[in-house]
Amino acid sequence: MNRVVITGMGIWSCLGTTLDEVRQSLYTGKSGIVLDPVRKEMGFRSGLTSFVPKPELKGELPRSQRVYMPEPAQYAYCATRDALRDAGIDQEYLNTHEVGLLYGNDSTADAVYNSVQKIIDKKDTMLCGSGAIFQSMNSTVTMNLGVIFSLKGINLTVSGACASGSHAIGLGALLIQNGLQEMVVCGGAQEVNMAATGSFDGISAFSTREDNPAAASRPFDRDRDGLVPGGGAATVILESYESAVRRGAPILAEVLGYGFSANGDHISSPNVDGPTRSLEMAIRRAGVQVGDIGYVNAHATSTHVGDANEAKALLRVFGERTVPVTSTKSQTGHEMWMAGASEVVYSMLMMKNGFIGGSINFEHPDEDSEHLLIPATTIERHFDVFLSNSFGFGGTNSTLVIKNL
């Protein structure tokens with residue numbers, strides 16, 4: 001089977017909009033979480049959210065393209081533009097090669113809300129505008145990126161809840177391993193607005209630690225009280241090793257293993273067996289020993305049941321306090337459909353720069369997390385292999401194992 005390597009990365013995040021900014025934020029333990037007073041005015045139980053700057057695309061893209069792009073597509077464009085540059089890929093290459101696109105996205109709530117509201121207010125469907133349908137579709141990210149960058153390979157949106165971005169990378173790797181594509185643009189995007197998160201707030205999923213937003217997201221901590229919504233977009237360029245060598249591309253890392261599973265259980269409450277099987281499959285397919293893995297970026301979103309069950313799964317697979325485990329969601333909140341892709345970028349930046357960013361706000365372990373080795377502050381640590389977990393509603397699980405090159 002073909003080897004799959006990562007040759008470029010790009011990100012648009014609450015931790016920064018360049019790789020260097022994000023690396024610095026991870027190292028210093030910066031939080032991207034704020035209190036949004038507008039959400040409180042609208043009746044939200046929690047006004048907490050990550051702050052992601054809105055891209056300014058005037059002058060870069062014509063209006064005829066921008067009109068089709070909702071918030072997540074704008075973030076994804078910026079991340080993909082930068083990832084392609086990072087990989088040394090120009091438009092001429094894209095025009096003359098069959099480059100695929102797999103991107104994780106599971107909603108475009110704000111665009112749907114705006115369209116329906118115009119119909120209700122104006123009693124005229126024509127006033128929705130010509131771009132409304134394309135903004136409102138779940139596949140809006142891939143249809144926009146595919147057209148803007150003239151991508152001619154597979155074009156598919158991966159909709160797997162909060163595992164969407166991770167599944168996109170895993171599926172892209174499978175296509176390349178089996179010779180169906182030489183290069184695939186992979187990633188995940190998540191909008192950051194009230195329409196996207198109101199229903200989550202309605203089921204009391206969010207932290208209400210509003211007096212100190214930076215301390216609100218507390219994965220694995222005994223005193224966690226819910227997640228904080230976040231978003232943005234992250235893109236990685238996957239390529240066959242042979243293609244990368246032929247191009248003289250910067251080879252950053254290799255995707256060794258992709259594991260997946262379904263819980264077959266409750267629609268929102270995770271179990272232990274499903275994540276365990278995903279972990280074991282990824283490690284088995286990677287062809288590495290558990291002891292070879294030097295860092296785990298956990299899914300841990302700062303919910304009681306989710307963090308507890310992931311801790312149990314990690315204990316089953318890795319044993320007692322054997323490998324550093326953190327959740328970058330302590331800094332970013334839960335980036336949802338984007339998270340599986342962004343956490344690969346975060347982990348890559350740490351691996352390439354010889355450190356592990358601490359799981360900030362981890363102050364008191366509970367009966368499950370006490371069995372894990374969770375640094376609360378940044379540690380200088382060289383590692384060559386990391387594992388990243390992503391789990392989603394409906395019991396969908398994805399695990400990636402990636403090696404430094």
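No lab work stands behind these numbers, since they all come straight from the coordinates. Nothing here was measured: the structure is a model prediction, and the numbers come from that model. Note: ideal-geometry Cβ built from the backbone for every residue, glycine included; neighbour counts use all protein chains shown.
Mind checking the stretch 243-342 for GluC sites (Glu not before Pro) that DSSP puts in a loop (not H, G, I, E or B) and that have at most 16 other Cβ atoms within 10 Å? All intermediate terms of the calculation are to be shown ahead of the outcome.
Values: sites: Glu254, Glu280, Glu310, Glu320, Glu335; in loops: Glu320, Glu335.
Here the GluC sites (Glu not before Pro) that fit, given the DSSP loop and packing criteria, are Glu320.
Taking a 29 Å limit on the Cα-Cα distance, which of the listed pairs Lys54/Lys403; Lys54/Lys118; Lys329/Lys403; Lys312/Lys403 fall beyond it?
Over 29 Å Cα-Cα: Lys54/Lys403.
Give me, ordered by chain and number, the residues 5 or more places off Asp36 or on other chains with an amide H under 5 Å from its own placed amide H.
Placed amide hydrogens put Leu48, Thr49 under 5 Å from Asp36.
Can you sort Tyr75, Tyr68 from fewest to most other Cβ atoms within 10 Å of each residue's own Cβ?
Values: Tyr75 32, Tyr68 18.
Ranked by crowding around the Cβ, least crowded first: Tyr68, Tyr75.
What whole number of Å gives the distance from the Cα centroid of the stretch 137-164 to the Cα centroid of the stretch 59-120?
8 Å
Taking 0.36 nm per residue of sequence separation and subtracting the Cα-Cα distance, how much length would be gained by fully extending the chain between Lys352 and Ser139, in nm to one decimal?
73.4 nm
Given a Förster distance of 35 Å, report the FRET efficiency between Asp265 and Glu92 from their Cβ-Cβ distance, rounded to the nearest 0.05. Spell out each step's value before the answer.
Details: r = 49 Å, r/R0 = 1.41.
So, using R0 = 35 Å, E works out to roughly 0.10.
With each pseudo-label sitting 7 Å past Cα toward Cβ, what's the Phe393-Asp124 distance in nm, one decimal?
So the label points at Phe393 and Asp124 sit 3.5 nm apart.
For the pair Val305/Glu320, report the inter-label distance in nm, with labels modelled 7 Å from Cα in the Cβ direction.
So the two model labels end up 2.9 nm from each other.
Rounded to the nearest 500 deg cm²/dmol, what is the calculated helix-only ellipticity per residue at 222 nm for the chain, with -39500 (n - 2.57) per DSSP H run of length n ≥ 4? Write out the running numbers ahead of the final one.
Numbers: 15 runs with 147 residues, N = 405.
Helix-only estimate at 222 nm: -10500 deg cm²/dmol.
Spelling out what I want: for every residue of the stretch 192-207, take phi, set θ = phi - 60°, compute 6.51 cos²θ - 1.76 cosθ + 1.60 (Karplus), and round to whole Hz; glycine and proline get x.
For the stretch 192-207, the Karplus curve yields 10, 8, 5, 4, 6, 10, x, 5, 5, 4, x, 9, 6, 7, 9, 5 Hz.
Which stretch or stretches of the stretch 381-405 have amide N atoms under 18 Å from the point lying 7 Å from Val290's Cα along the Cα→Cβ direction?
Taking a point 7 Å out along Cα→Cβ of Val290, the residues of the stretch 381-405 whose backbone N falls under 18 Å are 385-389, 399-402.
Roughly speaking, what is the stretch gain from Asn114 to Glu363, that is 0.36 nm per residue apart minus the C-alpha to C-alpha distance, in nm to one decimal?
Numbers: separation 249, 0.36 × 249 = 89.64 nm, distance 4.17 nm.
Taking Asn114 through Glu363 to full extension adds about 85.5 nm, to one decimal.
Which net charge results when you count Lys and Arg as +1 and Asp and Glu as -1 among the other residues whose beta-carbon is under 9 Å from that of Pro229?
Working: positive: none; negative: Asp201, Glu335.
My count for the surroundings of Pro229 gives -2.
Cα extents of the stretch 179-223 along the three principal axes, largest first, in whole Å?
That works out to 51, 27, 17 Å along the principal axes.
Quick one: what Rg and Dmax do you get for the stretch 286-405 from the alpha carbons, in Å?
Expressed in Å, the Cα Rg and Dmax of the stretch 286-405 come to 13.1, 37.
Looking only at Thr108, Thr301, Thr377, which one moves most when the chain is put into a Gaussian network model with springs between Cα atoms under 10 Å?
Fluctuation is largest for Thr377.
Work out, step by step, the length gained on full extension between Ile379 and Leu405: first 0.36 nm times the residue separation, then minus their alpha carbon distance; give nm to one decimal. It would help to have the intermediate numbers written out before the result.
Numbers: separation 26, 0.36 × 26 = 9.36 nm, distance 2.14 nm.
Contour length minus Cα-Cα distance gives 7.2 nm.
Of the DSSP beta bridges with both residues in the stretch 4-397, give the percent that are antiparallel, rounding to the nearest 5. Please list the in-between numbers first.
Numbers: 29 of 49 bridges.
Restricted to the stretch 4-397, the bridges split so that about 60 percent are antiparallel.
Using only alpha carbon pairs under 8 Å that are at least six residues apart, calculate the relative contact order of the stretch 4-397 and give it in whole percent.
Relative contact order for the stretch 4-397 comes out at 24 percent.
Compute the orientation-averaged projected area for the stretch 1-59 from the convex hull of its Cα atoms and round it to one decimal in nm². Could you put the intermediate results ahead of the total?
Numbers: hull surface 32.1 nm².
For the stretch 1-59, averaging the hull's shadow over all directions gives 8.0 nm².
Can you bin the stretch 249-309 into rounded, prolate or oblate? Criterion: square roots of the alpha carbon gyration tensor eigenvalues sorted a ≥ b ≥ c, rounded for a/c under 1.5, prolate for a/b above b/c, oblate for the rest. If you can, show how the numbers build up before the last one.
On the way: a/c = 2.24, a/b = 1.84, b/c = 1.22.
Because a/c hits 1.5 or more and a/b exceeds b/c, the stretch 249-309 counts as prolate.
With springs only between Cα atoms under 10 Å, which of Ser330, Ser261, Ser64 fluctuates most in a Gaussian network model of the chain?
For the chain, modelled as a Gaussian network with Cα springs under 10 Å, the answer is Ser64.
Under the rule a/c < 1.5 gives rounded, and otherwise a/b versus b/c splits prolate from oblate, where does the chain land using the Cα gyration tensor? Write down the numbers at each step before the final one.
Details: a/c = 1.65, a/b = 1.08, b/c = 1.52.
Here the chain falls in the oblate category.
Gaussian network model of the chain, Cα springs within a sub-10 Å range: biggest mean-square fluctuation belongs to which of Gly333, Gly231, Gly306?
Gly306
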